[in-house]
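Below: the structure, in structure tokens.
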């Protein structure tokens, strides 16, 4: 089905404001209940009157500007912030609001991980779009102290190009998320080898296996204790509200449906009758996010600056829709957790990038908790790192 273009402005996302709670039902609409649309955002320079809003007691300030499409970000054990500037083919290290080039000459870097786990890592792992490299590291390094060594060769390239990384808590394995080559396997599954998967390797790149499958595009993965969390961008072309994106705990060996099923055992109409034997094997995700919101980065709040009720909650960066009649996303959301699991709803935490005209001036990507307990997130629309701090005035 051909996507319908949308050009007329509307009163976009008027309900987006800090504290607004969203619960996306798993009682899903029928496929094509609305026509697929092409509605890419128009990114503009930040208007002078534009402000980012956070809940009472929180303040949002610019931490560092002038970056080139900052994407995923990670906090080093010593507190430095590592930023993948994918369009510049480099990873930067940021300390006290100042940027240093840690490594360049990369190939669309995205995922970053420190190894081994703990306070004294010896390597920084960086995921290029087609490989994973590691660079010798000592705490406090702002520039690479040695050459990058390729540890994972020949990752699939093209299609969804971002590769996220996570090291298992015991340090025995490296996980690499690889998105699909296509939207919905239009070119057949032969082109999807090692894709729509989270792959597992030894730290030196050996012994590849599949940790979990059927995840169309698990853009970011992080461990919460021994549990792997992932945010997943679901498929396009089935309508404004189908299927929802999601955050989920990832079960080792789990199958999450792509391309034949979505959100549990809902059969994809573009693959009629395909693999009925897999329907019972599909795992349903934990938390549904409004369709086409494009969740890209996640962080588990383990700091002490925010009020105690935030401890253990998950923050997710929604990059924003390009294929929905009324825009959604373009904000940071808070996912309340209970006993390590999402409660089933999320609330707006930082809003304001989306203008009443339908234009946007920023697009959140990565999110991390700084050493002082503040929350940092990247915005590749304005090339900025933003800081959210609790001021105590509620």
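Considering 180, 157, the condition of being at pLDDT below 95 and either touching a helix residue (DSSP H, G or I) at 6+ places or on another chain (Cβ under 9 Å) or in a loop (DSSP other than H, G, I, E, B) (or both) is satisfied by 157 alone. Considering only residues in region 262-278 that are without any contact (Cβ under 8 Å) to a residue 40 or more places away in the chain and outside any loop (DSSP other than H, G, I, E, B), the one that is surrounded by the most Cβ atoms within 10 Å (Cβ to Cβ) turns out to be 262. Looking across 294, 281, one residue alone is surrounded by fewer than 19 Cβ atoms within 10 Å (Cβ to Cβ) and in contact (Cβ under 8 Å) with a residue 24 or more places away in the chain. It is 281.
A search for C-beta distances below 6 Å between a residue of region 179-205 that is on the phi > 0 side of the Ramachandran plot and surrounded by fewer than 19 Cβ atoms within 10 Å (Cβ to Cβ) and any residue that is part of a loop (DSSP other than H, G, I, E, B) and at pLDDT 95 or above, counting only pairs 6+ apart in sequence or on different chains, returns 194/156.
Tell me, which residue of region 39-69 that is surrounded by fewer than 16 Cβ atoms within 10 Å (Cβ to Cβ) and on the phi > 0 side of the Ramachandran plot is nearest to the chain's Cα centre (by Cα)? Across region 39-69, the extreme among qualifying residues is 66.
For region 192-206, a residue qualifies if it is in a strand (DSSP E or B) and within 13 Å of residue 131 (Cα to Cα), and the qualifying residues are 199, 201.
Screening residue 35 with (1) in contact with a strand residue (DSSP E or B) (Cβ under 6 Å, 6 or more places away or on another chain); (2) part of a loop (DSSP other than H, G, I, E, B); (3) under 22 Å from residue 287 (Cβ atoms) gives one miss only, at (3). When region 311-322 is examined, which residues are found to be crowded, with 20+ Cβ neighbours inside 10 Å and over 16 Å from the mean Cα position of the chain (by Cα)? The answer is none; no residue qualifies. Just one residue in the set 213, 209 is touching a strand residue (DSSP E or B) at 6+ places or on another chain (Cβ under 7 Å) and without any contact (Cβ under 8 Å) to a residue 24 or more places away in the chain; that residue is 209. Restricting the first member to region 330-345 and to residues that are touching a residue at least 12 places away in the same chain (Cβ under 8 Å) and on the phi > 0 side of the Ramachandran plot, and the second to residues that are buried (at least 20 other Cβ atoms within 10 Å of the Cβ) and assigned to a strand (DSSP E or B), the beta-carbon pairs closer than 6 Å and six or more apart or on different chains are 330/354; 330/360. Cβ-Cβ contacts under 8 Å between residues 6 or more apart (or on different chains), taken from a first residue in region 5-30 that is at positive phi and at pLDDT 90 or above to a second residue that is part of a loop (DSSP other than H, G, I, E, B) and surrounded by 10 or more Cβ atoms within 10 Å (Cβ to Cβ), are listed as 19/55. Considering region 89-104 alone, what residues qualify as being in contact with a strand residue (DSSP E or B) (Cβ under 9 Å, 6 or more places away or on another chain) and free of Cβ contacts under 8 Å to residues at least 40 places away in the same chain? Matches in region 89-104: 90, 91, 92, 97, 98, 99, 104.
The values are calculated or read from the model by the stated rules, or taken from the named source; none is laboratory data. From a predicted model like this one, the values you see are computed outputs, not experimental measurements. Note that we place each Cβ from the backbone using ideal geometry, even for glycine, and neighbour counts take in every protein chain shown.
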